[in-house]
Amino acid sequence: MRLHELAPQKGSKKRPRRLGRGISAGQGASAGKGMRGQKSRSGRGPRPGFEGGQMPLYRRLPKLKHFTVINRKRYTTINVKALASLPPNTEVTLESLMEAGIITANKGELKILGDGELNVALKVKAAAFTASARSKIEAAGGSCEVVTAKNS
């Protein structure tokens, strides 16, 4: 078999409709496009979103900067440098930090952020850790444990 011998299978190709070539062709005069108007002409129709001169929907709606997350997770955040003042082998929880006066307000579960240095080994129990905070706590000889709130 050669390249010039290739042909589509018999009956697989259908000839195109010949539009606007008289009534005997079956699609004469308006070529099946109805009467007159923008959508019956050759070329592209109106652009997407065009509403015939009426102010289109995408221009009527207000342009919002962002949408708020409905059930946003709120954390009480603290940096690693604030934990450096604690004595070695202390168990760090949200309650223990409130008692020590390091955190003054409970805004949700505890999250440890990685700003600063830590040279004290601590047992930290929090809902979330950033990657840098986890590495700094473990490098100082401490441990990180992820705990969830009891009321959730």
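The values are calculated or read from the model by the stated rules, or taken from the named source; none is laboratory data. Remember, it's a predicted structure, so these values are computed and weren't measured experimentally. Quick reminder, even Gly has a Cβ in these numbers, built from the backbone with ideal geometry, and neighbours come from all protein chains shown.
Going by the conditions given, is K33 surrounded by 10 or more Cβ atoms within 10 Å (Cβ to Cβ), among the basic types (K, R) and under 34 Å from the mean Cα position of the chain (by Cα)?
Considered against the rule, which asks whether it is surrounded by 10 or more Cβ atoms within 10 Å (Cβ to Cβ), among the basic types (K, R) and under 34 Å from the mean Cα position of the chain (by Cα), K33 comes out as no.
Exactly one condition in (1) among the basic types (K, R); (2) surrounded by 10 or more Cβ atoms within 10 Å (Cβ to Cβ); (3) part of a loop (DSSP other than H, G, I, E, B) is not met by K81; state its number.
It is condition (3) that K81 fails.
Output the residue which, of all residues in segment 89-113 that are among the hydroxyl-bearing types (S, T, Y) and assigned to a loop (DSSP other than H, G, I, E, B), is farthest from R74 (Cα to Cα).
Filtering segment 89-113 for residues that are among the hydroxyl-bearing types (S, T, Y) and assigned to a loop (DSSP other than H, G, I, E, B), the one farthest from R74 (Cα to Cα) comes out as T90.
Read through the list (1) surrounded by fewer than 10 Cβ atoms within 10 Å (Cβ to Cβ); (2) touching a Phe, Trp or Tyr at 6+ places or on another chain (Cβ under 7 Å); (3) modelled with pLDDT of 95 or more, then give the number of the only condition that A131 fails.
Status for A131: all satisfied but (2).
I'd like the full set of residues that are closer than 14 Å to E145 by Cβ, in contact with a helix residue (DSSP H, G or I) (Cβ under 7 Å, 6 or more places away or on another chain) and assigned to a loop (DSSP other than H, G, I, E, B), limited to segment 114-132.
Matches in segment 114-132: L122 only.
When you look at T77, is it modelled with pLDDT of 95 or more, of a type in the set (S, T, N, Q) and farther than 30 Å from K33 by Cα, yes or no?
yes
Only one of these is free of Cβ contacts under 8 Å to residues at least 40 places away in the same chain, touching a helix residue (DSSP H, G or I) at 6+ places or on another chain (Cβ under 8 Å) and basic (K, R): K33, K39. Name it.
Among K33, K39, only K33 is free of Cβ contacts under 8 Å to residues at least 40 places away in the same chain, touching a helix residue (DSSP H, G or I) at 6+ places or on another chain (Cβ under 8 Å) and basic (K, R).
If you take the residues in segment 36-73 that are surrounded by 10 or more Cβ atoms within 10 Å (Cβ to Cβ) and assigned to a loop (DSSP other than H, G, I, E, B), which one is nearest to the chain's Cα centre (by Cα)?
K73
Scan segment 114-152 for residues that are closer than 12 Å to N79 by Cβ and among the polar types (S, T, N, Q) and jot them down.
T130, S132
Within the set of pairs 6 or more residues apart or between chains, which connect a residue that is free of Cβ contacts under 8 Å to residues at least 40 places away in the same chain inside segment 42-62 to a residue that is of a type in the set (D, E, K, R) and not in a loop (DSSP other than H, G, I, E, B) with Cβ atoms less than 6 Å apart?
Going by the 6 Å Cβ cut-off, the qualifying pairs are G45/K39.
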